[in-house]
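Here is the structure we will look at, set down as structure tokens.
Just so it is clear, none of the values below were taken in a lab; they were calculated from the coordinates. Computed from a prediction, not measured in an experiment: that's the story for all the values here. Here the Cβ is made from the backbone with ideal geometry for all residues, glycine too, and neighbour counts use every protein chain on show.
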Amino acid sequence: VELVKFASVLEAATAAFVGPWDATGSWAEDGSRTPAARLARDTGVSHGTAKGLLCRARALRTMPATRNAFETGELSTDRVDVLGRGPRDEDRSLVPRQQPLHDRTDLVGRLAVEGRVRASLVVIVYP
């Protein structure tokens, strides 16, 4: 369990690096046409993975409470991606059904402050 949390913390650190790299346009210094193309080429990940990393980093720029929860391992990568992209049917499976609502009240309150509480979060919180 701790290893899975640590993996999320590493993903958060990756987003923290990729975000400014993307925002400043540093990726274009070598003539690359898109940040995803450069990231995929330089890191050896697929183009789809590179796009996912960039989408996550971009979403987290406007989601400080989510970013903080991600950086501490309180939120998994999957949950961060759900919050960043909006509601989808498959998102219902990402939260354990046995978890009581009151256990997540603090996180929900912080996300509501960011204006990120959407239908998907309601589905997640009310299993």
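Add +1 for every Lys or Arg and -1 for every Asp or Glu among the other residues with Cβ under 11 Å from the Cβ of residue 19, and state the total. Don't jump to the answer; show the numbers that get you there.
Values: positive: 56, 58, 61, 67; negative: 22.
It works out to a net charge of +3.
Starting from 0.36 nm per residue, how many nanometres of slack lie between residue 72 and residue 3 once their C-alpha separation is accounted for?
Numbers: separation 69, 0.36 × 69 = 24.84 nm, distance 1.29 nm.
Residue separation times 0.36 nm, minus the Cα-Cα distance, leaves 23.6 nm.
I need the phi-derived Karplus couplings for the stretch 33-50: 6.51 cos²θ - 1.76 cosθ + 1.60, θ = phi - 60°, integer Hz, Gly and Pro marked x.
7, 9, x, 5, 4, 5, 4, 5, 5, 6, 9, x, 8, 5, 4, x, 5, 4
If you take every residue apart from residue 80 with its C-beta less than 9 Å away from the C-beta of residue 80, what net charge results, scoring Lys and Arg +1 and Asp and Glu -1?
Details: positive: 56, 67, 79; negative: 11, 78, 81.
My count for the surroundings of residue 80 gives 0.
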